[in-house]
Amino acid sequence: MVLVSGHARRALRIALVPAAFIAVAFLGGCGDESGSHSEAERRSVAKAAPHKTDWLELSSPLTPAQWLVSRDKDEPVPLSEPQVQRVTRQLAVAHTRYRESERMIANRSVQLSDMLKKIGHTEDPSQILDDLAGIGAEVGQTEGFGAISQYYFNLRAASVARAEALTTLKARYGSKS
């Protein structure tokens, strides 16, 4: 049973209608194309600086972990770097639990970070990955990383604090034992 404060319940109810619209927009971006740039622009950026792309394409020369760690750097971070190795492990955990590709999970982490930024919450994509990878305790659970990301966004959009939102998700999707 999840215990959520009265304020959080009211805020969540208020957020449900706009959240439905946001969910449609979020789920509309589930494909492999980001849609914000033309195909030629995406190819040009991906070729010149593959770590600076908005969306990690299947054809990227970088691993999802390299891309996630390198996005704010001048050059792609090598695979041997401890941060890339840590993110590689987290992506593997998330892939096992959520049955989504590591590339898509990396993309979702960045997408969620961008969505949160638009509503005034700054959260690093790597931290989002760490937090949400630890939520799904049942291997191969039905809910995907994208669905749990959306639920997290809805809670944060409803003014639920980060820690309380994560506690709510852990209570709902975490280990039942």
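Values quoted throughout were computed directly from the atomic coordinates according to the rules given, and no laboratory measurement underlies them. A quick note: this is a predicted structure, and the numbers were derived from the prediction, not measured. Neighbour counts are summed over all protein chains in view; Cβ atoms, including those assigned to glycine, are modelled from backbone coordinates with ideal geometry.
The ranking of Leu68, Leu166, Leu62 from fewest to most other beta carbons within 10 Å of each one's beta carbon is Leu166, Leu62, Leu68. Classified by the C-alpha gyration tensor, segment 77-177 has an oblate form. Its axis ratio a/c, with a ≥ b ≥ c, is 1.5 or above, and a/b does not exceed b/c. For segment 44-125, what class follows from the C-alpha gyration tensor (a ≥ b ≥ c being the square roots of its eigenvalues): rounded when a/c is under 1.5, otherwise prolate if a/b is larger than b/c, else oblate? The shape class here is rounded.
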